[in-house]
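Data block below; observations after.
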């Protein structure tokens, strides 16, 4: 019988107390177990932690990893960023001898693909605030009064178009190859969202947005 440990994480004390996010993670993990786990299976432990994903010092995760390695069980998480938001940590984890882990939302992803998704998500987070700040500074330098955009419609439209292209270029390395291989827009969105990547507004990717991104990249080529 295949044995599994599950690990769930939320980022704040409030989330931990209210259970926000934990139920959703438990649901996704259960869907994975019901549809993709080796049968029969047994969940031998469930680890829950309230800790930021940018901090790698997490006792519950460390305990889950140690037990999974010791018992030969599989460690299951709902999303890759529940393990960590740092590519360096995830890369080290993937090289950990004796550890087998699965990501519920990406049941068929191998370790190479998981590494790519992690790098994409880290890049997305790093550039969102920088690009927003740069866009505002650029608009100010051009004399655009942000509090009265009605007087600068053309300039703002141009800046918005450039920002949209830059957002598309951030995920170009993922969406273009997938589209060229025949993947549907919905599938591409699933890959991006499952990796933890977010739009410049912090939302999830959806088919019309990805379609627009592909068109912008094609026009700019």
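The values are calculated or read from the model by the stated rules, or taken from the named source; none is laboratory data. Since this is a predicted model, take the numbers as computed values, not measurements. All Cβ positions, even for glycine, are placed from backbone atoms using ideal geometry, and neighbour counts span all protein chains on display.
A few notes on this one:
- Residue in region 189-205 that is farther than 25 Å from residue 84 by Cβ and surrounded by fewer than 16 Cβ atoms within 10 Å (Cβ to Cβ) present: no
- Yes/no for residue 79 being surrounded by fewer than 18 Cβ atoms within 10 Å (Cβ to Cβ) and at pLDDT 85 or above: no
- Scope region 175-213; condition assigned to a helix (DSSP H, G or I) and within 25 Å of residue 25 (Cα to Cα); matching residues: 185, 186, 187, 188, 189, 190, 191, 192, 193, 194, 207
- Once region 45-76 is narrowed to residues that are free of Cβ contacts under 8 Å to residues at least 24 places away in the same chain and exposed (fewer than 15 other Cβ atoms within 10 Å of the Cβ), the residue that is nearest to residue 1 (Cα to Cα) is 70.
- In region 117-127 there is at least one residue that is modelled with pLDDT under 85, surrounded by fewer than 16 Cβ atoms within 10 Å (Cβ to Cβ), out of contact with any helix residue (DSSP H, G or I) (no Cβ under 7 Å at 6 or more places or on another chain) and part of a helix (DSSP H, G or I).
- Sole residue being part of a strand (DSSP E or B), out of contact with any helix residue (DSSP H, G or I) (no Cβ under 7 Å at 6 or more places or on another chain) and farther than 23 Å from residue 198 by Cα, chosen from 42, 38: 42
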